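Readers should treat all values here as calculations from the given coordinates under stated rules, not as data from a laboratory. What you are looking at is a predicted structure, and each value in this text was computed from that prediction instead of being measured. Quick reminder, even Gly has a Cβ in these numbers, built from the backbone with ideal geometry, and neighbours come from all protein chains shown.
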Amino acid sequence: MFSHVFLGVSDFDRALAFYDALMAVLGHTRRFCERERPWAGWQPAGGGRPLLLIGRPFDGAAHQPGNGQMLALDAASRAQVDAAWRVALAHGGMDEGTPGLRAQYHPDYYGAYFRDPDGNKLCVVCHLPVAPGLSISAD
């Protein structure tokens, strides 16, 4: 469905450190980084699309996070959601909702919410049921 998503940032180096760490936890690789522009992009480990791109807004105006926009990133497991949330907060992210089940969406929706250092709202979510014999806590 998506070719790419572009998120505006105000401090490219800070955002690059944040997204490098977050994308690594989710198993994605950096496809490119052009500091002179500045912009960077990540893709799934196997290559291809969709791409997640960050950079200075193309119109040159200051970045402003949107009200109501959120980017949700897919996780392979609930443990990966937990790890991504911890990494996001350790790299300047702001908590918007600790990891946990959100059955109002569906019985297996396990997600965490946070904002990147520029205020862009993100979610990391696993839609898979918990494996038999495993705990569903975020600990």
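Determine by what factor the alpha-carbon radius of gyration of segment 1-110 differs from 2.2 N^0.38 Å, reporting the quotient. Show your work: numbers first, answer last.
On the way: Rg = 14.6 Å, N = 110, 2.2 N^0.38 = 13.1 Å.
It is 1.11.
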Point to revise | Label-point separation, Phe6 to Glu36 (7 Å along Cα→Cβ), nm | key: 1.9
Exercise for review: Give the percent of DSSP beta bridges with both residues in the chain that are antiparallel, rounded to the nearest 5.
Suggested key: 70
Check your understanding: In degrees from 0 to 90, rounded to the nearest 10, what is the angle of the helix 78-90 Cα long axis to the longest principal axis of the chain?
Key -> 40
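In what sequence, highest mean first, do 112-124, 9-21 appear when ranked by Cβ atoms within 10 angstrom? Before the final figure, lay out the partial values.
Values: 112-124: 20.7, 9-21: 18.4.
Highest mean packing first, the order is 112-124, 9-21.
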Check your understanding: To the nearest 20 debye, what is the magnitude of the charge dipole of the chain about its Cα centre, counting +1 on the Cβ of each Lys and Arg and -1 on the Cβ of each Asp and Glu?
Key -> 220
Exercise for review: Calculate one ³J(HN,Hα) per residue across segment 43-49 by plugging θ = phi - 60° into the Karplus curve 6.51 cos²θ - 1.76 cosθ + 1.60, and present them in order as whole Hz with x for glycine and proline.
Suggested key: 9, x, 3, x, x, x, 10
Revision key, fill the gap. Computed, not fitted: 222 nm per-residue ellipticity of the chain from DSSP H runs ≥ 4 (each -39500 (n - 2.57)), nearest 500, equal to -6000 deg cm²/dmol
Review point. Which angle between 0 and 90 degrees, to the nearest 10, do you get for helix 12-25 versus the longest principal axis of the chain when only C-alpha atoms count?
Key: 30
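Ranked from highest to lowest mean number of other Cβ atoms within 10 Å per residue, what is the order of the peptides 75-82, 49-56?
Values: 75-82: 19.5, 49-56: 18.0.
In descending order of packing, they fall as 75-82, 49-56.
Excluding Pro129 itself, what net charge comes from residues whose Cβ is under 10 Å from its Cβ, given Lys and Arg +1 and Asp and Glu -1? Please report the intermediate quantities before stating the final value.
Details: positive: Arg78; negative: Asp108.
Surrounding charge for Pro129 is 0.
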